[in-house]
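Just below is one structure, and these are the notes that go with it.
The values are calculated or read from the model by the stated rules, or taken from the named source; none is laboratory data. Keep in mind that what you see is a predicted model, and the values were worked out from it rather than measured. Every residue, glycine as well, gets a Cβ built from its backbone with ideal geometry; the counts of neighbours run over all protein chains shown. With ligands, DNA and RNA removed, areas are computed over all heavy atoms of the protein, side chains included. Shrake-Rupley method; radii C 1.70, N 1.55, O 1.52, S 1.80 Å.
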Amino acid sequence: MTAPEGDFAPADPDDGREPGDWKTRYTDAGARRAILYESCYLAVLLFSAPIIVLVFWLEHPKNWLHLSDAKYRTLFRYAIAWFSGTLGGTLFDIKMALPFRCEFKWNRDRRLWRVFTPHISGALSCAVIALISSGILRVFDHLATESPSLVFALAFLVGYFLTIPFAKLAEVAGTLFGSIRPAEKGKDTPKAT
């Protein structure tokens, strides 16, 4: 039984098991191996994303690449956005994966979702920071993205709550480019010759 939305832990921490019932319900070796690989993959992302953020925060790439202060500021802003968003997406991915595994609902068909969610979160976070920096998206003053702490925090939230920013960006795109109207039936259909 999963927790109501917003709660962290499942309502039934025993997953309906009797005391002493500790063995996995996944008897197929392939499924156990796939779950292990996915778990290791997410653990690597969970620990590497903050380390990469720290490396950028300490300006090591600036020295490695011999960048000017101005060029490094730009690289720093978007690297922080990307990896903070990846961290948020990874935490979301783990939060969603755990109940599915515990409730015996894990399946391979969602593997692409589990693998790409952190990276989509990173890319979207980077795009949101670029939209704010450009002034197109006026959530904050466009100069607010000069604050590394704000970039980190906002990118993390974008990555964690991935579907909400996607919906908002669709609204922004609709405002900028107009809404998409479904074609009238048969009007745009090419005729056979």
Fill in the blank from the handout: Reported set for segment 23-38 where residues are over 14 Å from PHE104 (Cα atoms) and either among the aromatic types (Phe, Trp, Tyr) or loosely packed, with under 10 Cβ neighbours inside 10 Å (or both) is ALA29, GLY30, TYR37
Exercise for the section: Might you let me know whether segment 111-123 holds any residue that is β-branched (Val, Ile, Thr), over 17 Å from the mean Cα position of the chain (by Cα) and at pLDDT 85 or above? Expected result: no
Completion exercise
Scanning segment 114-151 residue by residue, those open to solvent by 40 Å² or more (accessible area, probe 1.4 Å), over 24 Å from LEU46 (Cα atoms) and not in a helix (DSSP H, G or I) turn out to be ILE136, ARG138, VAL139, PHE140, ASP141
Practice task
Go through segment 87-113 and count every residue that is open to solvent by less than 60 Å² (accessible area, probe 1.4 Å), of a type in the set (A, V, I, L, M, F, W, C) and in a helix (DSSP H, G or I).
Solution key: 5
Practice task
For segment 40-70, name all the residues that are assigned to a helix (DSSP H, G or I), out of contact with any helix residue (DSSP H, G or I) (no Cβ under 8 Å at 6 or more places or on another chain) and of a type in the set (Ser, Thr, Tyr).
Solution key: SER48
Handout entry: Unmet criterion (only one of (1) modelled with pLDDT under 85; (2) surrounded by 14 or more Cβ atoms within 10 Å (Cβ to Cβ)) for SER84
Key = (1)
